Each structure stands twice: as structure tokens, then as C-alpha cells.
Amino acid sequence: MRGVQRPGERTAHWALMTTLAALLGMALAGVPAWGADDDAVQLRHKELLASTCFACHGVEGRRGEEVPALAGESFRVLRAQLLAFREDEVPDTTVMNRIAKGYSDEEIEALARYFSNLER
Amino acid sequence: MEQPRINRRQALGLLGAAGAVTAMTGLGVPMAARAGGAGHVVVVGGGFGGATAAKFLKRFNPAVEVTLVEASEHFYTCPFSNWYLGGIKEMAYIRHGYDELREHYGVHVVHATAEDVDGDRHEVRLSTGERLRYDKLVLSPGIDFDWDGLAGYDEAAAEKAPHAWKAGEQSRLLRRQLEAMEDGGLFILRAPENPFRCPPGPYERVSLIAHYFKQHKPRSKILLLDAKDNFSKQPLFLDGWAEFYGDMIEWVGASQDGRVVAVDADRREVETEFGTRHRADVLNVVPPQKAGFIARRAGVTDASGWVPVKPQTFESTQIEDIYVVGDATIAAPMPKSGFCANAQAKVVASAIVSEFAGHAPPPAVWNNTCYSLIAPGYGISVAGVYKVIDGHIAEVPGSGGVSPREADEAFRAREAEYAVNWYEAISEDTWGTRFRG
């Protein structure tokens with residue numbers, strides 16, 4: 001699969017990830033929503049986790065220039081994308097595979113939830 | 001609201017936090033009770049660590065009162081100062097101010113020097129004579145140079161042989177010297193022993209000065225005299241130098257007599273450990289370093305000259321209610337980078353806000369992504385994700401690492417783009433700086 005992907009075709013990655021997200025749909029159905037009943041510690045944990053992404057993806061993940069914006073992207077796509085980075089399944093990745101390997105399933109879900117809840 | 005669900009480690013942390021919250025302040029009232037879940041935080045230093053701490057304290061809880069003490073009205077970043085030296089970016093690009101903190105976040109910004117800290121009285125004394133009382137103090141003092149650590153190299157010598165390791169006037173001085181140097185000249189950079197600010201910095205610097213020489217002074221040479229035998233991203237730098245600059249850059253490690261032990265700034269001459277003397281046309285000395293002055297005054301440094309901190313919160317291990325972030329801290333395996341200072345500041349802000357509210361701090365997580373430019377369109381990186389593991393800061397196993405050595409041109413070009421993206425994103429995150437065009 002790597003052979004048919006060309007460098008720079010980032011939109012292709014997102015299309016691929018959308019498909020992947022659809023395939024993962026059943027697994028995702030079992031994920032508990034982490035929303036209104038957040039206690040303060042969990043909320044702050046999620047904010048803190050997400051804030052480490054700002055240094056490249058912009059404040060609240062809104063910088064959509066050389067790197068993709070994260071704010072307002074769907075939960076499923078974000079989660080699938082991060083999991084795929086972690087498994088080295090995204091062709092032409094430079095650094096996100098190295099970073100995603102530092103996060104647990106729960107942290108990846110929290111990150112995806114945080115950014116998907118923001119407006120674009 | 002539900003009771004927070006906490007595990008054993010968090011419960012232990014909560015006990016510690018509760019202990020601190022009930023510690024009496026000078027007014028004899030527990031601080032959280034007095035401040036109604038908030039309090040006054042004084043932040044000293046307006047670099048990546050301090051400005052981020054001030055901003056995120058306000059982001060996490062706008063009711064927290066925050067005073068930022070910073071001597072200068074503008075901050076010049078070390079990141080991208082090498083791009084300035086190489087003629088790729090203007091000085092204005094690396095200059096940042098405090099308008100967003102003041103106007104958007106309601107941070108009190110005081111332009112003064114913090115001269116002393118009284119940890120018992122919870123007071124900071126400023127150069128204006130004013131005393132600021134704090135519930136929590138965040139120090140982001142950066143580095144000072146150890147002027148006793150390298151024979152012949154002091155502040156006066158730095159006016160002739162610049163360090164340019166705090167950006168601003170020193171960067172301008174080095175740039176002017178490079179511009180005045182004739183083609184065929186020798187540029188020498190003295191690289192320091194570990195630990196020091198920005199581990200890949202000296203190697204990016206010679207890369208971008210080589211880029212400048214290649215365009216304007218192609219017969220010139222660069223000698224990099226190193227106090228170490230290994231350096232950050234070494235194979236990637238060596239590959240890149242060979243590809244772009246041929247034999248223009250010569251690196252000499254410590255065991256090949258690269259360790260500079262004395263400097264004669266008037267003659268632009270250095271002497272190495274085994275007695276070799278090298279004379280430069282432009283001499284750049286990156287001296288040995290230690291935590292910034294105010295950390296020493298506050299009494300939070302140890303015998304190493306750096307600041308030991310509690311991993312989970314970056315509170316000083318030595319003085320309660322003083323938190324320290326950035327290059328001044330002992331945070332290995334996290335490097336002394338602007339990215340780490342920014343990440344540490346967010347952890348500190350969340351810990352302080354949580355403690356004011358009577359909660360355990362959320363589990364700390366930091367990351368680092370550090371780009372170096374070897375030539376325009378050719379970037380490399382190192383990344384890491386860090387957590388507290390068994391009571392110590394540790395890189396999450398399997399995460400992080402450097403760009404692959406076998407990567408193609410397109411990969412290097414994207415990392416060069418991402419370097420600029422990173423700089424602009426983190427500058428906005430830290431100071432609110434917006435870039436156009």
C-alpha cells in the first residue's frame with residue numbers, strides 16, 4: 001500500500017482514515033461518551049493532554065496550514081487517525097507516528113473527544 | 001457533581017496537595033479558603049515557560065490572579081535565531097511581546113527585574129523596590145552563563161567573541177561579524193558540555209552559517225570544537241553536512257582534542273585540552289551554563305547549579321510553593337528546549353489550578369518535537385513523549401526518536417516546512433504572536 005501513496009497526498013490520508021474509521025465503527029460503538037459528567041480532574045486532564053498538541057497544531061488545534069487542523073474534526077476520524085499513526089499505518093508520516101506511540105488508548109480517545117467537541 | 005474517581009497514585013498526590021493547601025500562609029488562613037479556589041500566582045520570566053504558564057493559569061481558571069514579571073518588553077527566542085544568523089529570517093521574526101497576555105488574558109505584566117525571593121514570606125522583591133506577595137510562584141528563569149567555567153571567557157570577552165546563546169543583541173553582533181568576515185576566513189564554534197540549552201543548537205547553527213558561507217563566502221571554513229564525543233541527531237547532521245557543504249564543516253569531538261579549555265577573545269583564539277591553539281576570524285563561544293539568577297536567589301538550585309523538581313508538578317523539591325519550568329530545571333530525559341518549557345508550563349498551570357480548587361493534579365504528560373534545519377528545504381527532527389513512570393520523568397517506551405536516516409528528499413522538505421509551522425504555532429500558543437505572509 002505504501003507504494004501507491006505519493007508524498008504530499010495528505011487529502012488521500014484523510015480519505016483513507018475516513019474509511020478506516022468506518023471499519024472501526026463497531027468497535028467505537030462501545031466507547032463510553034466522555035462528556036457532561038466529567039469531573040474536574042478528568043476535564044483538566046483532557047485539557048492538559050490536548051494543550052500539548054497546540055505547539056504544532058495551533059491554539060485549540062485551529063491552525064490548518066502545513067499540518068491539519070484538529071478542531072471540529074469528527075471523533076471517529078481523529079481517533080482512527082491517531083491509532084493508525086501509532087501502528088505506523090499512515091504512509092509518508094514524518095513525526096506523528098513517533099508521537100502517537102506515547103499515548104494510551106484512553107488518552108487517544110480523550111484527545112479525539114476534546115478536539116471533536118470544538119468548533120472549526 | 002460526582003466525586004472524582006481517583007487511583008492510588010492520585011490519592012497519594014491528593015494527600016500531598018491537601019497538606020500543602022492547609023499549610024498556613026502569612027495571613028494565617030489556608031490559601032484555598034482565603035482565595036475561594038483561586039489565588040495569586042507570580043510568574044518570573046517571559047520566555048516559553050513563563051509566558052505559557054501565565055496564559056494557561058488564566059485559561060484553566062480565569063479567577064486566578066496572575067502577575068508576570070519580565071525585565072524586557074520583548075523576548076527574542078533562541079529557536080530560529082540560527083535562521084537569522086544564516087540570513088534566512090529577519091530579527092523581527094523572532095521577537096515577541098506581551099500584549100495578548102495583558103489585554104486578552106488579564107495578566108498583570110510588570111517590566112522589572114525580580115531580584116530576590118523570600119520563600120518563607122511568599123514575597124518577590126523587584127528592581128523597582130516593590131514586593132509582590134504570592135500564593136504560588138512560578139520561576140522560568142532560563143539559563144545564566146557560568147563565567148567561571150571557562151578560562152578567559154567572561155561578559156567582556158562575549159562582546160568580542162559572542163555566545164549568541166541568548167538571542168537579541170548577541171545574535172546581531174555575531175551576524176555583523178560573519179558579514180564582515182572575508183571569504184576564506186575561519187569560523188570557530190565552541191560547543192559546550194552537557195547539559196546545556198538546546199542540545200541540537202550548535203549543530204544547526206554551523207549548518208546555517210555554512211549555508212550563508214556557501215552563498216557569499218564559499219572558500220570559508222567552519223571548525224566545530226566540541227566538549228563532547230556525541231551530540232543530538234549526530235548521524236543526521238553528519239549526513240546533511242556532507243551532502244550540502246562537502247568539507248566546509250569540520251567537527252572535532254572531545255577525544256580528538258575538541259574540548260576548549262581557554263579563550264583569548266582579543267586574539268579570537270582558543271586553546272584545547274591537549275594544548276592545541278586555534279585562531280579564528282569569527283569566534284563563537286557557547287559557554288558552560290547554569291540555572292538563571294533568580295533560581296539561585298530563591299534557593300531552589302542544588303550543587304549542580306540546576307533546579308531539582310517534583311516530577312508530577314515541577315514544584316521545587318527544596319522550597320514549597322515555588323514551581324520552576326524550562327531550561328533551569330533538572331528534567332532529563334526531557335531536553336532543555338522551548339517546546340519542553342511550554343509543555344512543562346502547562347503541567348504546572350494545571351497543577352496549581354487544581355491545588356487551588358482542592359483537587360489532585362491531572363497526570364502529567366509532556367511532549368517535545370524539535371526541528372533543526374540543515375539547509376533551506378532540508379529539515380530533521382527529534383520527538384519524545386514523557387510521563388511520570390515509577391516516580392521519575394521518563395520517555396514513554398517505544399515513543400519518540402529522530403527522523404529516519406534513510407528518508408527521502410520529500411520527507412526532509414516536509415520537516416523543513418513543519419519547522420516553520422511549529423515555530424509559528426508555538427509562538428502563538430505562548431505569546432499570541434500572529435504571523436502574516
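The values are calculated or read from the model by the stated rules, or taken from the named source; none is laboratory data. Since we're looking at a predicted model, the values are computed, not measured. When we count neighbours, we look across all protein chains shown, and the Cβ atoms used for this are built from the backbone with ideal geometry, even at glycine.
Need pairs with beta-carbon distance below 6 Å; first residue farther than 10 Å from residue B:152 by Cα and without any contact (Cβ under 8 Å) to a residue 60 or more places away in the chain and within the range B:256-274, second surrounded by fewer than 20 Cβ atoms within 10 Å (Cβ to Cβ) and polar (S, T, N, Q); sequence gap 6+ or separate chains.
Between residues of the range B:256-274 that are farther than 10 Å from residue B:152 by Cα and without any contact (Cβ under 8 Å) to a residue 60 or more places away in the chain and residues that are surrounded by fewer than 20 Cβ atoms within 10 Å (Cβ to Cβ) and polar (S, T, N, Q), the close pairs are B:257/B:276.
Which is surrounded by fewer than 16 Cβ atoms within 10 Å (Cβ to Cβ) and modelled with pLDDT of 95 or more, of B:262, B:291, B:298?
One residue alone meets the criteria, B:262.
In the range B:364-412, which residues are more than 8 Å from chain A (Cβ to nearest Cβ), at positive phi and in contact with a Gly (Cβ under 9 Å, 6 or more places away or on another chain)?
None - no residue of the range B:364-412 is more than 8 Å from chain A (Cβ to nearest Cβ), at positive phi and in contact with a Gly (Cβ under 9 Å, 6 or more places away or on another chain), so the list stays empty.
Within 13 Å of chain A (Cβ to nearest Cβ) and either touching a strand residue (DSSP E or B) at 6+ places or on another chain (Cβ under 7 Å) or not acidic (Asp, Glu) (or both), is that true of residue B:325?
So residue B:325 fails the test.
Quick one: which residue in B:382, B:353, B:348 is buried (at least 22 other Cβ atoms within 10 Å of the Cβ), closer than 25 Å to residue B:416 by Cα and β-branched (Val, Ile, Thr)?
Being buried (at least 22 other Cβ atoms within 10 Å of the Cβ), closer than 25 Å to residue B:416 by Cα and β-branched (Val, Ile, Thr) holds for just one of B:382, B:353, B:348, which is B:382.
Going by the structure shown, is residue B:305 surrounded by fewer than 21 Cβ atoms within 10 Å (Cβ to Cβ), in contact (Cβ under 8 Å) with a residue 40 or more places away in the chain and within 13 Å of chain A (Cβ to nearest Cβ)?
no
Can you pull out every residue in the range B:322-349 that is part of a helix (DSSP H, G or I) and closer than 16 Å to residue B:79 by Cβ?
B:326, B:327, B:338, B:339, B:340, B:341, B:342, B:343, B:344, B:345
Identify, from the list B:124, B:110, B:138, the residue that is in the same structural domain as residue B:318 (by the TED database), over 30 Å from residue B:180 (Cα atoms) and touching a Leu at 6+ places or on another chain (Cβ under 6 Å).
Testing whether each residue is in the same structural domain as residue B:318 (by the TED database), over 30 Å from residue B:180 (Cα atoms) and touching a Leu at 6+ places or on another chain (Cβ under 6 Å) leaves just B:124.
Within the range B:309-321, is even one residue in contact (Cβ under 8 Å) with a residue 40 or more places away in the chain, under 28 Å from residue B:58 (Cβ atoms) and not in a loop (DSSP other than H, G, I, E, B)?
Checked against the condition, which is being in contact (Cβ under 8 Å) with a residue 40 or more places away in the chain, under 28 Å from residue B:58 (Cβ atoms) and not in a loop (DSSP other than H, G, I, E, B), the range B:309-321 yields no hits at all.
Condition check: modelled with pLDDT of 95 or more, within 14 Å of chain A (Cβ to nearest Cβ) and farther than 17 Å from residue B:168 by Cβ. Does residue B:52 satisfy that?
The answer is yes for residue B:52.
What's the total number of residues in the range B:401-412 that are in contact (Cβ under 8 Å) with a residue 24 or more places away in the chain and in a loop (DSSP other than H, G, I, E, B)?
Counting residues in the range B:401-412 that are in contact (Cβ under 8 Å) with a residue 24 or more places away in the chain and in a loop (DSSP other than H, G, I, E, B) gives 2.
Filter the range B:147-174 down to residues that are in a loop (DSSP other than H, G, I, E, B) and acidic (Asp, Glu), then give me how many there are.
So the answer is 3.
Give the residue that is farthest from residue B:75 (Cα to Cα), with candidates limited to residues of the range B:159-180 that are crowded, with 22+ Cβ neighbours inside 10 Å and small (Gly, Ala, Ser).
B:161
Please specify each residue of the range B:243-288 satisfying the condition of being of a type in the set (Gly, Ala, Ser) and in contact with a Gly (Cβ under 9 Å, 6 or more places away or on another chain).
Scanning the range B:243-288 gives B:262, B:265, B:280.
From the residues in the range A:54-68 that are within 15 Å of residue B:52 (Cα to Cα) and in contact with a helix residue (DSSP H, G or I) (Cβ under 6 Å, 6 or more places away or on another chain), which one is surrounded by the fewest Cβ atoms within 10 Å (Cβ to Cβ)?
The qualifying residue surrounded by the fewest Cβ atoms within 10 Å (Cβ to Cβ) is A:59.
If you take the residues of the range B:265-282 that are basic (Lys, Arg) and in a loop (DSSP other than H, G, I, E, B), which of them is surrounded by the fewest Cβ atoms within 10 Å (Cβ to Cβ)?
Among residues in the range B:265-282 that are basic (Lys, Arg) and in a loop (DSSP other than H, G, I, E, B), the one surrounded by the fewest Cβ atoms within 10 Å (Cβ to Cβ) is B:267.
Kindly establish whether residue B:150 is modelled with pLDDT of 95 or more and closer than 26 Å to residue B:229 by Cα.
Considered against the rule, which asks whether it is modelled with pLDDT of 95 or more and closer than 26 Å to residue B:229 by Cα, residue B:150 comes out as yes.
Counting just the residues of the range B:413-437 that are more than 9 Å from chain A (Cβ to nearest Cβ) and part of a helix (DSSP H, G or I), which one comes out farthest from residue B:375 (Cα to Cα)?
B:431
Can you tell me how many residues in the range A:83-107 are away from chain B (no Cβ under 14 Å) and surrounded by 18 or more Cβ atoms within 10 Å (Cβ to Cβ)?
Count: 2.
Could you tell me which of the residues A:80, A:50, A:110, A:71 is away from every other protein chain (no Cβ under 14 Å) and under 12 Å from the mean Cα position of the chain (by Cα)?
None of the other options fit; the residue is A:80.
Quick one: count up the residues across the range B:117-130 that are assigned to a strand (DSSP E or B) and more than 16 Å from residue B:321 (Cβ to Cβ).
So the count comes out to 2.
Report, by residue number, each residue of the range B:332-345 that is among the small types (Gly, Ala, Ser) and surrounded by 24 or more Cβ atoms within 10 Å (Cβ to Cβ).
Of everything in the range B:332-345, those that are among the small types (Gly, Ala, Ser) and surrounded by 24 or more Cβ atoms within 10 Å (Cβ to Cβ) turn out to be B:337, B:338, B:341, B:343, B:345.
Applying the selection to the range B:175-216, what residues are closer than 22 Å to residue B:265 by Cα, outside any helix (DSSP H, G or I) and in contact (Cβ under 8 Å) with a residue 60 or more places away in the chain?
Scanning the range B:175-216 gives B:181, B:182, B:185, B:186, B:187, B:188, B:189, B:190, B:191, B:192, B:193, B:196.
Specify the residue that is surrounded by the fewest Cβ atoms within 10 Å (Cβ to Cβ); the eligible residues are those in the range B:404-434 that are among the aliphatic types (A, V, I, L, M) and under 21 Å from residue B:200 (Cα atoms).
Only one residue tops the list, namely B:407.
Is it the case that residue B:226 is surrounded by fewer than 21 Cβ atoms within 10 Å (Cβ to Cβ) and either under 22 Å from the mean Cα position of the chain (by Cα) or of a type in the set (Asp, Glu) (or both)?
no
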